[in-house]
Amino acid sequence: MKEKDREQKAVTQDKTIEVNPAKPEKAPETVAPPEDGGQRVKERRFRQTDLPAHFIERRKHPRIKTEPPPPPAPPRLEDYAAIIGRPELDEIRFLARHLQGKTVKMVNSTAVGGGVAEILNRLIPLLNELEIPTKWEVITGGNDFFEVTKGFHNALHGGDYNLTKQIQDIFMAYNEQNRQRMQFPEDLFVIHDPQPVGLIRSKAETRGRWIWRCHIDLSNPHQGVWDFLLPMVDQYDAAIFSAPAFTRRLAIPQYLFYPSIDPLSEKNRELDETYIDKVCDDFGIDRSRPILTQISRFDRLKDPVGVIESYKLVKKYVDCQLVLAGGGATDDPEGAVVLQEVMEAAGDDPDVIILNLPPWSGLEINALQRASTVIIQKSLKEGFGLTVTEGLWKQKPVVAGAVGGIPTQIIHKLTGVLVHSVEGCAYQIRYLLTHPEFATQLGKNGREHAKENFLITVNLKRWLLLFQILLGMAKPSKDALSVGA
Ligand code: UDP
């Protein structure tokens, strides 16, 4: 039986998804013409496209919003019914009913910026709407504290660090100061990340249950820093990690909560085609030819230069455009350097479109992702990789580096494609561009996978279940909440 005729069924979680697998099993080292499989679209040798003058003009001077627009009204729980269905919403309400009146405090170290604040901004209003009064408190500290916590953050990701007694004292002094300032009358406490971990010293004086939510990858931490934090972590009632590979051996139960995206946010909500056209027009993107897109901060670990090299290999065979959109270059000196490297690597190719976007570009990023033929996230190191989630949710074929949380999201050749090199990345992009049926199937599977696992509503349900378990209302079992056996 030919590969293209063979249907493979795979089961992810409890959903069955189907796909025609691409050939070959392993990406070759060079870009050879792909073998037959799926519906074949004729490739043609690239010839320099005669780009209409208005595209050239817009590429030189993209129309980028310089002022932040007013924030949209936050969605209500009911608004999610259209996406997740009535039964799922009923299940959330049912789980919440037992918890009504139970109080929760969530604590982290920043109210704006970063993925944690983004998730809390949505999660906390939803918990309150479910009549589980939830407070969000942010710890305070001087520059010395945040220098220490930034150092800890890098060290916990495996960086070098000199953990002195003075550093330990600064960390504990600010934790103590915050602990004295705060009150802990709630039933449940959720402490996010290492910065406020020392608040656990209040546990003995409270009646509540304490959860440590770790958003970072602890697979290879600096031993000294981890040894310093571990005795505090082990006093919690439970810990939560974002991927099985990110965990450590602990004395307490561990749970797996994937990060999530909000399908109703500006970044992810449905858009009119006319708006997508407008954004492409503003940035000089030609919707009549394939569009490859990587959205990322200009950071070497996102390998933007590797993406350009892959694009150049593809471009020898398929006429396409590459969009590299990111931000952070103005306030991050390394970002500016990487942006410069990216521009040099792009050279004078008019089909490489580099966009330095301000932080209020959710709608534009949404439109770029929706206009894309293939979404790339060729990271060399990654946390979870929310840009991958965003691409999957938009039903796009995603080609991404097999690092960090990405393999949790991309089941190779089922919900996307994993790559390990510039050549492999080029090969897979070329395959997807020339096998649109296969690309479409990956997109469909990817959306299902994102819907099942990575939406804020899924995340909310996990919180409700965990709260019930910790308050003794439900028994823990070997279900999807737990990490490992
Ligand atoms: N993002 C953005 N503007 C940019 C670049 C990225 O809004 O210029 C968003 C992107 O859409 C995603 C998040 O920032 O929601 C990046 O998360 P991810 O986990 O992919 O990477 P991180 O930047 O946290 O390493």
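The values are calculated or read from the model by the stated rules, or taken from the named source; none is laboratory data. Computed from a predicted model, the values in this text were never measured in an experiment. Here the Cβ positions follow ideal geometry from the backbone for every residue, glycine too, while neighbour counts run over all protein chains shown. The accessibility values were calculated without ligands, DNA or RNA, using every heavy atom of the protein model including side chains. Shrake-Rupley method; radii C 1.70, N 1.55, O 1.52, S 1.80 Å.
Could you state the accessible area per residue of the range 389-485 in Å², with a 1.4 Å probe and every protein chain left in place?
On a per-residue basis, the range 389-485 sits at 30 Å².
Leaving ligands, DNA and RNA out of it, report the carbon-plus-sulfur percent of the accessible area of the chain at a 1.4 Å probe.
Answer for the chain is 51 percent, counting heavy atoms of protein chains only.
Run the 1.4 Å probe and let me know the accessible area of M473, rounded to the nearest 10 Å².
Near enough 80 Å² of accessible area.
What residues have an amide H closer than 5 Å to that of D319, excluding those fewer than 5 places away on the same chain, when H is modeled at 1.01 Å from N in the peptide plane?
Amide H neighbours of D319: R44.
Against the longest principal axis of the chain, how steep is helix 362-371, in degrees 0 to 90 to the nearest 10, with axes from Cα atoms?
That helix lies at roughly 40 degrees to the long axis.
Return the distance in nm (one decimal) between the two label points of a simple spin-label model at I124 and A111, each offset 7 Å from Cα along Cα→Cβ.
0.8
The range 73-120: which GluC sites (Glu not before Pro) are DSSP loop and have at most 16 other beta-carbon atoms within 10 angstrom?
For GluC sites (Glu not before Pro) across the range 73-120 that sit outside H, G, I, E and B with at most 16 neighbouring Cβ atoms in 10 Å, the list is empty.
Do any trypsin sites (Lys or Arg not before Pro) in the range 160-233 lie in a loop, going by DSSP, with at most 12 other beta-carbon atoms within 10 Å of their beta carbon, and if so which?
Loop-located and lightly packed - R207.
Rule-of-thumb check for the range 370-458: C-alpha Rg over 2.2 N^0.38 Å?
Compared with the compact-globule rule of thumb, the range 370-458 sits at 0.97.
Give, to the nearest whole percent, the P(r) tail of the range 195-258 beyond 15 angstrom, counting all Cα pairs.
50
If you take the alpha carbon radius of gyration of the range 335-485 and divide it by 2.2 N^0.38 Å, what ratio comes out, to two decimals?
In units of the 2.2 N^0.38 Å rule of thumb, it is 1.24.
Rounded to the nearest 10 Å², what accessible area does I83 show when all protein chains are kept and the probe is 1.4 Å?
Spelled out: I83, probe radius 1.4 Å, area about 40 Å².
Under a 1.4 angstrom probe, counting protein chains only, how are L77, L465 ranked by accessible area, largest first?
L465, L77
Is there a quick way to get the dipole size of the range 261-411? I mean about its Cα centre, with the Cβ of Lys and Arg at +1 and of Asp and Glu at -1; what is the value in debye to the nearest 20?
Dipole magnitude for the range 261-411 comes out near 540 debye.
Of F184, F145, F94, which has the most accessible area and how do the rest follow, probe 1.4 Å?
Of F184, F145, F94, the descending order of accessible area is F94, F184, F145.
Cα centroids of the range 290-356 and the range 380-404: how far apart, whole angstrom?
16
Compute the long axis of helix 333-346 from its Cα atoms, compare it with the longest principal axis of the Cα atoms of the chain, and write down the angle in degrees, 0 to 90, nearest 10.
20
Give me the accessible area of D90, 1.4 Å probe, in Å² rounded to the nearest 10.
80
Would you mind working out the magnitude of the charge dipole of the chain relative to its Cα centre, with +1 at each Lys and Arg C-beta and -1 at each Asp and Glu C-beta, to the nearest 20 Debye?
Charge dipole of the chain: 920 debye, to the nearest 20.
Put a dot 7 Å past each Cα toward the Cβ at L471 and V337; how far apart are the dots in nm?
For V337 paired with L471, the spin-label model returns 5.1 nm.
For Q235 and D160 in the same chain, what is the full-extension length gain: residue separation times 0.36 nm, less their Cα-Cα distance, in nm?
Here the answer is 24.3 nm.
Where does the charge balance sit around S219 when Lys and Arg score +1, Asp and Glu -1, over other residues with C-beta under 15 Å from its C-beta?
+1
Take the alpha carbon gyration tensor of the range 46-105, find the square roots of its eigenvalues, order them as a ≥ b ≥ c, and report rounded if a/c is under 1.5; if not, report prolate when a/b exceeds b/c, else oblate.
It is prolate, given that a/c is not under 1.5 and a/b is the larger ratio.
Per q in 0.13 Å⁻¹, report the Debye log10 I(q)/I(0) for the chain, using one uniform scatterer on each alpha carbon and no solvent.
Calculated log10 I(q)/I(0) at the listed q: -1.30.
Which value, in Å², gives the accessible area per residue of the range 164-268 when a 1.4 Å probe is used on the protein heavy atoms?
So the range 164-268 comes to 39 Å² accessible per residue, rounded to a whole number.
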